[in-house]
Each structure stands twice: as structure tokens, then as C-alpha cells.
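Novice: Please read through the structure below; I'll follow up with questions.
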Amino acid sequence: MAAGYLEILRARHAARLLVGTLVGRLPNATAAIAIVLFVRAEGGSYSLAGALAAVYGVANAVGQPVLGRLVDLYGQPRIQLPAAIAAALAMTVFAAVGITPAPLAYAAVAASGLCTPPLEGGLRALWPSVLHREDQVHTAYAMDAIAQEVMFTVGPLLVTLCVSLWSAQAALLVLSALGVLGALSVVLSPPSRAWRSAPREAHWLGALRSPGLLALLAAFLFIGMALGSITVASVPYADDHGGDAVYGWLMAALGLGAMAGGAVYGARQWAGPPERRLRFLVAFLAVCYLPLTLMPDAVAMVALTALAGVFLAPSIACAFVIVDRHAPSGTVTEAFSWLVTTFTVGASVGTGLAGPVVQAGGALWGFAVPGAAGAVSLLVLLGTRSVLAVPVATGVVAAFSENDPNRAAEPRFSSGDRA
């Protein structure tokens, strides 16, 4: 299992790009948790915490595809680093101001979400230029999904550690600083500086003109809702079973389960179309959310939360391959950013919905939301089978590479990225 991943990490620049992206995405990945804990420390309600987290998520959803399209047009360094700095400054304002006055708090959170750089989509655009075999790129997608879950495992623990040692305000500041450092590491790397998107057809819809991509995004909206609702529903459960430490372990267990599932999934090559495989993965994902409503003692709940995450990373890794198959030429960063955006919107809707649900019916009703959202995601995939079965491209031979003065034909991926 480890051999394939080690082969990827030994490739020049691969480890730096992966680690830099993970560190750079820490503020975004932990924003919902950090905001919820900060609002509660400031004396705010669960509804306010959910609303602020939702505002951050919606703003992030707007900013990711816009910035992703700018990256496709102008390159990574010109967009990623300024965006990271702007996002960090806005979150610093939120940490300094607190929840009053409310308009300023909402504005700062929205600005931070809007300016969050599309590092995740940028990394997936870079893989074909760092790894030159398609099977390696697919393995890298799986490793990427696993690494994201490592971040989702470590991130909550880092937030709760900062809160325990210092304060929720300090957690926001530390995460913002790490985000800038991670983005800086990525954009200064040779692959990031050299990368250019493939030629694109001018169209105002950009990547969204692909019906298959739209179908995939619709399904992942509800997967994001499931994940976001767990974030909020776990807070009152933790309050009744041990406090912040239990909350941190629940969130970490979710990432740990996904990491384990992703490691097994990425260790082998899968036959058959990824679109069909994704339907099975999402079905298992939805089923594994249901036991959360049992709400046993803290140790058993951590185990159930880990089980709920097992099929998350495999679903995401499979979705990366599908995005690559359905993204129109020259829109690779934007297409991957739309996946991030849709997932984030779903998570924000989930947190915003779970807040009032928890307020009205407690943690039990909050934990009922992810199972329902997972079921709807599966229905979307089943209803769009014919659309997803027709990819935009299946891997072609490029007429030339822009960095090849001899214009020699070379294999390339359907995403069309070139370095």
C-alpha cells in the first residue's frame, strides 16, 4: 500500500506542494470549528455561530471559482498569495472585533471566506505537470484526499489545543498565519511558477458548461451538507459528554476514518468507470451516517464518527477523477474549485440548518441531518447516470506543449493542464 504513495512523494516537488497546500488550507478547513468555538467563547448562541460559519462558507463558495478562473487566466503566484494575505487580514479583524458590532463581524468573516485562495484546485491542476503517468495522477488524487483527512484530523485538535492553551481568539490568529506560510511555500515552487492552463474556449459559464460536472456538483452539495451538520450537532453532544476535548476528538475521528478509508481505496487500481464506482461509495457513505443518531457514550461515539468518515475520502478521490474527465479544456483549476465551492456551500448550508435544528430538537435531530443529506446525494447520482456517463474527453494527445520548442506530440490528461 505504501509503495505507490512513496513513489508519488519521491517525485520532485511533490512533497513540498502537498504539504504547502495542506498548511495553506488549514484556515479554510478549520474555519467552521474555530468560528463556532470563538462565538461560544464570546457568549454568542449556537444560531449565531452557525450563521457566521455559514456566511464564511458562502463567501468562500463565491470566491473559489472566481479566483480559480483568475488562476487559469493569469497563473498561480499572481492570485494565490495576495488572496491568502487578504483572507488572513480579514480573519484577524474578526478575532480582534469579536461578535459585536455584528455587521463588522459578518463583514470580516465574509471577506476572509471570499479571499481564501484556491490552493486545493491549484494542487490538482499541478499534479499532471509533476507526475507524468496517468495512473500516478490518479494515485496522487487518492493520496491528496487522504492528506486532506490528515488535515481534518489534526486541524480540530490544533484548534482545541490553541483554545486550551491560549484562547479561541489565538486559534484564529495562529491558523491565519499558517495559511499565509503554506500559500507562500506553494507559489514559490518551480511547478507553480511555471504552470499555465491549456487554451480555453471563451464562455461565460466556464467549467459549468459541462453537464457531467454540474451533476457531480449537485451530488456533492448534499455530501457537504452532511459534513457541515455533523460539525454543529457535535457541539451540544460534547457539552453533555466532556466538553471541548470530546468535540475535538469527534471531529478528529471523522477525519481519521476518512483517512483510513482513503488509504485502502488509493492502494489499488480500480476497474470500470469512476462514475459507477462513485454511486456505490456514496451509498455506503449515507448508510454509515445513520448510527450517529444512537448517541452512545463518548468513546463509542468517537468510534461511530470514525465509521461515518470511512467512505468520505474515497468518494472525494473518485470525484477528482470524474472532474478531470468532465472539465472543459482550459478550466481545470476552475472546475476543481467549483467542487470545493459546492462542498463548502453544502457544509455551510448544513451548519446553518443544523443550528436551528439543534436549538429546537437537540443533538439527536442534528445527527439525523447527515443521513438524510447522504441519501439525497445518492438519488442525484442515480438520476443523472446518463449525463455522467458521457465525459468531455478521455485523454488525448496534445498537439504541442507550450514549453516544448520542437512542438513534439506528447501524452496529456483530459484536464489539459500543461507545465
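Novice: With respect to LEU22, determine if the residue is in contact (Cβ under 8 Å) with a residue 60 or more places away in the chain, open to solvent by 10 Å² or more (accessible area, probe 1.4 Å), touching a helix residue (DSSP H, G or I) at 6+ places or on another chain (Cβ under 6 Å) and closer than 15 Å to GLU120 by Cβ. Steps first, please.
Specialist: Values: in contact (Cβ under 8 Å) with a residue 60 or more places away in the chain: yes; open to solvent by 10 Å² or more (accessible area, probe 1.4 Å): yes; touching a helix residue (DSSP H, G or I) at 6+ places or on another chain (Cβ under 6 Å): yes; closer than 15 Å to GLU120 by Cβ: yes.
Spelling it out, LEU22 is indeed in contact (Cβ under 8 Å) with a residue 60 or more places away in the chain, open to solvent by 10 Å² or more (accessible area, probe 1.4 Å), touching a helix residue (DSSP H, G or I) at 6+ places or on another chain (Cβ under 6 Å) and closer than 15 Å to GLU120 by Cβ.
Novice: Kindly provide the set of residues from the range 107-122 that are modelled with pLDDT of 90 or more, surrounded by 24 or more Cβ atoms within 10 Å (Cβ to Cβ), assigned to a helix (DSSP H, G or I) and not polar (S, T, N, Q), ordered by number.
Specialist: VAL109, GLY113, LEU119, listed by residue number.
Novice: Then there is this: Which numbered condition trips up PHE311, out of (1) open to solvent by 30 Å² or more (accessible area, probe 1.4 Å); (2) closer than 26 Å to PHE38 by Cα; (3) in contact with a Gly (Cβ under 8 Å, 6 or more places away or on another chain)?
Specialist: Result: PHE311 passes all but (2).
Novice: Here is a further query. Looking at (1) at pLDDT 85 or above; (2) open to solvent by less than 10 Å² (accessible area, probe 1.4 Å), can you tell me which one LEU104 breaks?
Specialist: (2)
Novice: Just checking, which of LEU339, LEU285 is open to solvent by less than 40 Å² (accessible area, probe 1.4 Å), modelled with pLDDT of 90 or more, within 30 Å of PRO117 (Cβ to Cβ) and under 22 Å from the mean Cα position of the chain (by Cα)? Outline the logic, then answer.
Specialist: Numbers: LEU339 fails: modelled with pLDDT of 90 or more.
Answer to the check: LEU285.
Novice: Filter the range 226-260 down to residues that are small (Gly, Ala, Ser) and under 14 Å from VAL369 (Cβ atoms) and give me whichever is surrounded by the most Cβ atoms within 10 Å (Cβ to Cβ).
Specialist: Applying the first criterion (small (Gly, Ala, Ser)) to the range 226-260 yields 226, 228-229, 233-234, 238, 242-243, 245, 248, 252-253, 255, 257-258, 260.
Next cut, under 14 Å from VAL369 (Cβ atoms) only: 226, 228-229, 233-234.
Details: ALA226: 25, GLY228: 30, SER229: 33, ALA233: 29, SER234: 30.
Among those residues, the one meeting the criterion is SER229.
Novice: Starting from the range 98-124, keep only residues that are touching a residue at least 40 places away in the same chain (Cβ under 8 Å), then list their pairs with residues that are open to solvent by 10 Å² or more (accessible area, probe 1.4 Å) and in a loop (DSSP other than H, G, I, E, B) whose Cβ atoms are within a distance under 7 Å, requiring at least 6 positions of separation or different chains.
Specialist: Short answer, once both residue conditions are applied: GLY98/GLU42; ILE99/GLU42; ILE99/GLY44; ALA105/ILE99.
Novice: Also, I was wondering about something else. Being farther than 27 Å from GLN80 by Cβ and assigned to a helix (DSSP H, G or I) is the filter here; which residues of the range 37-58 pass it?
Specialist: Filtering the range 37-58 for residues farther than 27 Å from GLN80 by Cβ gives 37, 39-51.
Across the range 37-58, the qualifying residues are LEU37, VAL39, ARG40, ALA41, TYR46, SER47, LEU48, ALA49, GLY50, ALA51.
The values are calculated or read from the model by the stated rules, or taken from the named source; none is laboratory data. Just so you know, these numbers come straight off a predicted model, no measurement behind them. Because the Cβ atoms are built from the backbone with ideal geometry, glycine has one as well, and the counts that use them run over all protein chains shown. Keep in mind that these areas ignore ligands, DNA and RNA; they rest on the heavy atoms of the full protein, side chains included. Shrake-Rupley method; radii C 1.70, N 1.55, O 1.52, S 1.80 Å.
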